[in-house]
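Each remark here refers to the structure printed beneath this line.
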Amino acid sequence: MTETKESTTKQHQSIKIIHTESSCGWGGQEIRILTEAKGMIERGHEVSILCPSHAPIFAEAKERGIPVYPIPIAKKTIKGLLATINYLKKTPVDVINTHSSTDSWMISLARIFCHRKFSIVRTRHVSAPINNHFTTKWLYTKAAAHIVTTGIKLKETLVNDNGYPAHMITSIPTGIDTNIFKPGNKAEARKELNLPQDKIIIGILATLRSWKGHKYLVDAIAQLNREDLHLLIVGDGPQKENLEKQISEIGIKEKTTMPGNQKNPYRWLQAMDIFTLPSYANEGVPQGLMQAMLTKLPVISTPVGSITEIIEHEKNGLIITPEDSNALAKAISSMLDSSDITTDLAEEGYEFGIKNFSKELMILKMEKIFIESHDKIASSH
């Protein structure tokens, strides 16, 4: 690792990178920002994060030793724009990596008013459609030097549906720390987490948002009506109360565990037998799915966003119809009834993950984008 870092810094001067995030949620997007920031610091670059002070990523960045500064960019306001302009006027920066709509607008407009030259790289994490208004096109293709998507299908959508130039878009899947997310002792994990040893644990690790499809998993478990099953829902979010109500009304509260957000998600994955992610919208390549594959879990998901770029049906996982609890119940049942096939799916998923999901690969690819974007601005002077 030292040789790689030294060779990079010899070829290129260390650059100053700022990540911005206006979202006040918590999920894979925020985790990727933190992972990238830490990785770039380790590569010898100067990195910091701008976000609202009350956003979860603010506290997490502090805890991880990443420089982070509070700025009121949760909404598009004059106050937030002025604060952004003032910050950028006094802060040297080479590249700003924006991650959500609001911070992308704030940074792009602030650059005009503060008369500073820096590159903007826009990372697109989700597959939600983008409108074709001329101002949005300006934001993506004129204000930004480059666009990064977390999956190939997301790139294809921007090219085919929005008409954005393919040469300025690069797909870079999120990298996972394979030293943390790896197979573990199931019995020890369950004992540590106070989970049942004598049950088959069907799990999901995802923010509790509607489009993650938790409610279809709850329905599927109820439909299976097996005493040997236990449902594990790891994560927090706006659908928490609705899910708790559904679980109670459907009568599976006693066979369900909902621990909320966890600092050690890898341990909860190691306690599972089957991982599910029945999303029906807005996905890139979900981190939870990649983490589960690296933990050597058999996985069930849907053909949403870029999920089928990592899951090949009946080779390294199962793909089912979105918003279909019957299909999900059937897929879970088939895994429970075919232990040899299920083991093979998990093994194939693990091998695919090791080859394609590493954190190091993501960092190197992102570094290349940042340096090239910076050099393009520098050479224009």
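Between T276, T308, T98, the Gaussian network model of the chain with springs among Cα atoms under 10 angstrom shows the greatest mean-square fluctuation at T308.
Note on the chain: helix-only mean residue ellipticity at 222 nm, from DSSP H runs of 4+ residues weighted -39500 (n - 2.57) and normalised by residue number, equals -13500 deg cm²/dmol.
How about region 205-246: which trypsin sites (Lys or Arg not before Pro) there are in a DSSP loop, with at most 16 other Cβ atoms within 10 Å of their Cβ? For trypsin sites (Lys or Arg not before Pro) across region 205-246 that sit outside H, G, I, E and B with at most 16 neighbouring Cβ atoms in 10 Å, the list reads R226. Compared with the alpha-carbon gap, the fully stretched path from T77 to A128 is longer by 16.0 nm at 0.36 nm per residue.
The calculated P(r) of the chain, using every Cα pair and 10 Å bins from 0, goes 5, 23, 31, 23, 13, 4, 0 in percent. With a cut-off of 20 Å on the backbone N, the residues of region 194-222 near the modelled label site 7 Å out from N326 along Cα-Cβ are 213-222. For the chain, the longest principal axis of the C-alpha atoms and the axis of helix 325-337 are separated by about 60°. Site pair I152 and Q197 shows an inter-label distance of 4.6 nm when each label is modelled 7 Å from Cα along Cα→Cβ. Proximity of backbone amide H atoms, modeled 1.01 Å from N, is registered between H19 and S48, I49, L50, N97 at under 5 Å, excluding neighbours fewer than 5 places apart on the same chain.
Taking a ≥ b ≥ c as the square roots of the eigenvalues of the alpha carbon gyration tensor, region 1-152 is rounded, as a/c is under 1.5. Any idea what % of Cα-Cα pairs in region 186-356 are farther than 22 Å? Considering region 186-356, 36 percent of its Cα-Cα pairs are separated by more than 22 Å. Applying a DSSP loop filter and a limit of 13 other Cβ atoms within 10 Å to the GluC sites (Glu not before Pro) in region 198-249 leaves E227. Label positions at E347 and D375, each projected 7 Å from the Cα along the C-beta direction, are separated by 4.4 nm. Among E36, E21, E314, the largest mean-square fluctuation in a Gaussian network model of the chain, built with springs joining Cα atoms closer than 10 Å, belongs to E314.
Look at where the Cα atoms of region 321-343 and of region 113-178 average out, and the two centres are 35 Å apart. Each of H133, H374, H125 was scored by other Cβ atoms within 10 Å of its Cβ. Listed from fewest to most, they are H133, H374, H125. Springs between Cα atoms under 10 Å define the GNM used for the chain, and in it the highest mean-square fluctuation of A128, A145, A206 occurs at A128.
For the residue pairs K212/K330; K186/K296; K16/K153; K75/K153, the C-alpha atoms sit more than 21 angstrom apart in K16/K153; K75/K153.
No lab work stands behind these numbers, since they all come straight from the coordinates. Given the structure is predicted, the values throughout are model-derived calculations rather than measurements. For neighbour counting, all protein chains shown are included, and Cβ atoms are generated from backbone atoms with ideal geometry for every residue, glycine included.
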